[in-house]
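J.: Before I ask anything, here is the structure I am working with.
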Amino acid sequence: MANFDFLKKIDKDLYEIISEAEKLYASEFFEQCMGQTRRFGEQMCKSVVGARLYDESFDEMLATLKDKAVSIPEKEFVDDLYFLKKQGNISVHAAKVNKDGILALECLQRAFEAAINYAVFYKKANRSILKKQYDIELLVTREPSLKEKYTELKTEKKQNKKQTKNSVKQSYTMKPREKSDKRGVSLFWIFVGISSFVSAILMLVIMII
């Protein structure tokens, strides 16, 4: 499960954009995450305003929505989009890298609230999703960080290398030589003894004759 699963059937493209933002956050790319949430907000804004205004800037489309906003959900939707736009612009144009995980998390939470309003009030989705809350645990457990991925891959590589080395070592191990049986006299020495005895008798017979 993921926080934005409810968007899959409503707008798959938006779902993919915000899912990428969550992955960036889980991998600790906070600035890139904020930039992606801005993109998410702009695409939602385009969808609400309509195709005829697609060539207008994000600011112009937001101004159009703000003028038309009457209900509280509509006004909250516009406020969330303004927040995403502002923080996304700052992260993209900043001269220094600012690894602000708290601010990036707020962008994701604002994107979530905006997505709920978008789904219910603009796409007529089931109102039951209004009860949904952004789950931080789902966010941090959905995607291992790059460091964890690298460590896991490195450990797996070492284990495979060790197993291969052990297999090669075992295949070249020689069978130990069997120890000779030291019990009794070997056949060779028995043969030598008999031959000597026969030779001695023959010599004795020759001498007697």
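The values are calculated or read from the model by the stated rules, or taken from the named source; none is laboratory data. Quick caveat: nothing in here was measured; it's all calculated off a predicted structure. Reconstructed Cβ throughout: ideal geometry from the backbone, glycine too, with neighbour counts over all protein chains shown. When the accessible area is computed, the model is the full protein with side chains, heavy atoms only, and any ligands, DNA or RNA have been set aside. Shrake-Rupley method; radii C 1.70, N 1.55, O 1.52, S 1.80 Å.
J.: Sort 16-22, 34-40 for me by packing, meaning the mean count of neighbouring Cβ atoms within 10 Å per residue, highest on top. All intermediate terms of the calculation are to be shown ahead of the outcome.
T.: Details: 16-22: 20.4, 34-40: 26.6.
Result, highest mean Cβ count within 10 Å first: 34-40, 16-22.
J.: Counting only protein heavy atoms, what percent of the accessible surface of the range 66-105 is carbon or sulfur at a 1.4 Å probe?
T.: Values: 1550 of 2700 Å².
Here carbon and sulfur together make up 58 percent of the probe-accessible area.
J.: Sticking with this structure for a sec: Beyond 19 Å, what share of the Cα-Cα pairs of the range 25-116 is found? Please give it as a whole percent.
T.: Values: 1607 of 4186 pairs.
The share of Cα pairs beyond 19 Å in the range 25-116 comes to 38 percent.
J.: Between L62, V97, N117, whose Cα lies farthest towards the positive end of the dipole of the range 60-133 when Lys and Arg beta carbons carry +1 and Asp and Glu beta carbons carry -1, centred on the Cα centre?
T.: Looking along the dipole axis, the top candidate is N117.
J.: Mind ordering 132-138, 73-79, 152-158, 100-106 by average Cβ neighbours within 10 Å, highest first?
T.: Values: 132-138: 12.9, 73-79: 18.1, 152-158: 10.1, 100-106: 15.7.
The densest-packed peptide leads the list: 73-79, 100-106, 132-138, 152-158.
J.: Moving on. Suppose each label sits 7 Å from its Cα in the direction of the beta carbon; what would the K46-K132 distance come out to in nanometres?
T.: 2.2
J.: Mind checking the per residue accessible area of the range 51-137 for me, 1.4 Å probe, whole number of Å²?
T.: 63
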